[in-house]
Each structure stands twice: as C-alpha cells, then as structure tokens.
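Asker: One structure, as structure tokens, below. Some questions next.
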Amino acid sequence: DTSIIANQMVFEAPNIVQQGVLYQVLCQHGNPASLNVAATSNLYNLQYRWYQTTDTLNTTNGVLIPGANSISFIPPSDSIGVFYYYCLISSSFSVSGCFATTSDVFTVEVIDQPTIASQGPSYQTVCQNTPATPLNITVTGPSSILSYSWVISTNPSGPTPTANLIPGANGSSY
C-alpha cells in the first residue's frame, strides 16, 4: 500500500478595510478627489481594477478603465454628468469567486462652472445719509452650490489691500 499526501491551502477572500469618499461634486475641469480602496488578504499579489458603470447598483457589467490598476483612481472631470465607479480587487489566481471582492460604488457628479452673468454697479458716489443703489450680482450655473459673501474694503487697490466680511450679507444683492 502507498499513501498519497495531500496539501490543502485555504485562502481568505480579499477584505476591503478602507474606502475613500463615496460621493463628490465638483465643477467641470476641477480637481476631483482620488477614489481609494485598501484591502487585506493572505492571497499573494492583490490586483486592483477600476470600472465605470451606469448606476450605483451595477457592479457586474462595468467597463474596465484602461490603466486604472492601483489602490487609487483619479476620475476625469472634463464632461458634465453623474459618473459611477467601482474597484474589483482580486488575486492573480482568479478574478472571480472567493478570490475577488468589489468595492462600494463611488459617485462623481461633475457640474457646470458657475459664471458671473452681470454685476453692478461697480462704482458709485453717495452723499452721507443717502441710500446707495444696491449692489447686485447674477450668476449662471448650478445654484445648489452657490453661496454669497460680501466684503468691505477701505483700500481695495493699495499696496496692502484690506477686506472685511460684512456679517449677514449673504445674498445676491447688498
């Protein structure tokens, strides 16, 4: 009689231990935050592959992003829209089954850059105790991200310009 010696190795699936910010909003051509994941496993050679998908629930039919194969990925911001990304972390043994895991879906919303459509008046002379004409600004673009702050300056163009925030002046008119 001869016996056969068998070895069995048990590997744990990659375990995601850290994920970055899952949702971000930025202006077109802005600087997006890096999408990050970190995983642990007793598997050797963990591989990271980033995919773009069509919605937050779809992590099976994404499109592989060429060259996006590290723990972080910087999404593009050249097109306006809502974009979804996820990372597949796997072993060099296999990209499926217990040798792989998928991150949560990261959402990147790229919005149009706000622009000043009109402003004025830019200069006015007012007598003491006489009301000034209101200062107005009109901005086009996504209003959900806009906030207004008005400042006062006694030396706007001198060698050491000064500006002080006007408390409560936070609308498009002052």
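The values are calculated or read from the model by the stated rules, or taken from the named source; none is laboratory data. Keep in mind the model is a prediction, meaning the values are calculated, not measured. No Cβ is skipped: glycine too gets one built from the backbone with ideal geometry, and neighbour counts run over all protein chains shown. Remember, those area values only see protein heavy atoms, side chains included, never the ligands or the DNA or RNA. Shrake-Rupley method; radii C 1.70, N 1.55, O 1.52, S 1.80 Å.
Asker: Under 5 Å between amide hydrogens, which residues at least 5 positions from Leu135 or on another chain qualify, with H placed 1.01 Å from N in the peptide plane?
Answerer: The answer is Tyr174.
Asker: Over all directions, average the projected area of the Cα convex hull of segment 113-174 and note it in nm².
Answerer: 5.5 nm²
Asker: With contacts defined as alpha carbon pairs under 8 Å and 6 or more residues apart, what's the relative contact order of segment 114-174 in percent? Present the calculation step by step, with values, prior to reporting the outcome.
Answerer: Numbers: 78 pairs, mean separation 19.6, N = 61.
Relative CO of segment 114-174 lands at 32 percent.
Asker: Among Gly20, Gly120, Gly30, which one moves the most in a GNM of the chain with springs linking Cα atoms closer than 10 Å?
Answerer: Among Gly20, Gly120, Gly30, the largest mean-square fluctuation in the Gaussian network model of the chain belongs to Gly120.
Asker: Given a Förster distance of 35 Å, report the FRET efficiency between Asn45 and Ile80 from their Cβ-Cβ distance, rounded to the nearest 0.05.
Answerer: 0.35
Asker: As an exercise, identify the chymotrypsin sites (Phe, Trp or Tyr not before Pro) in segment 18-84 lying in DSSP coil whose Cβ has no more than 10 other Cβ atoms within 10 Å.
Answerer: Working: sites: Tyr23, Tyr44, Tyr48, Trp50, Tyr51, Phe73, Phe83, Tyr84; in loops: Tyr44.
Loop-located and lightly packed - Tyr44.
Asker: Turning to a different aspect of this structure: Consider just the alpha-carbon atoms of the chain and return their Rg together with their Dmax, both in angstrom.
Answerer: 27.2, 114
Asker: Got the relative contact order for the chain handy, in percent, Cα pairs under 8 Å and 6 or more residues apart?
Answerer: Computed value for the chain: 19 percent relative contact order.
Asker: Further question on the same structure: Taking H placed 1.01 Å from N in the peptide plane, check which residues at least 5 places from Ala169 or on another chain put their amide H under 5 Å from its amide H.
Answerer: Distant-sequence amide H within range of Ala169: Trp150.
Asker: Another question, then. Using 0.36 nm per residue, how much length does the chain from Tyr123 to Asn69 gain when fully extended, once their Cα-Cα distance is taken away?
Answerer: 14.0 nm
Asker: In addition: How much area per residue is accessible in segment 48-174 when the probe is 1.4 Å and only protein heavy atoms are counted (Å²)? Walk me through the numbers on the way to the answer.
Answerer: On the way: 8170 Å² over 127 residues.
Accessible surface, normalised per residue, equals 64 Å².
Asker: Still on this structure, I have one more. Picking from Ser103, Ser153, Ser79, which is most flexible by a Gaussian network model of the chain using Cα springs under 10 Å?
Answerer: Ser153
Asker: Subtracting the Cα-Cα distance from 0.36 nm times the residue separation, let me have the gained length for Leu57 to Val17 in nm, one decimal.
Answerer: 12.3 nm
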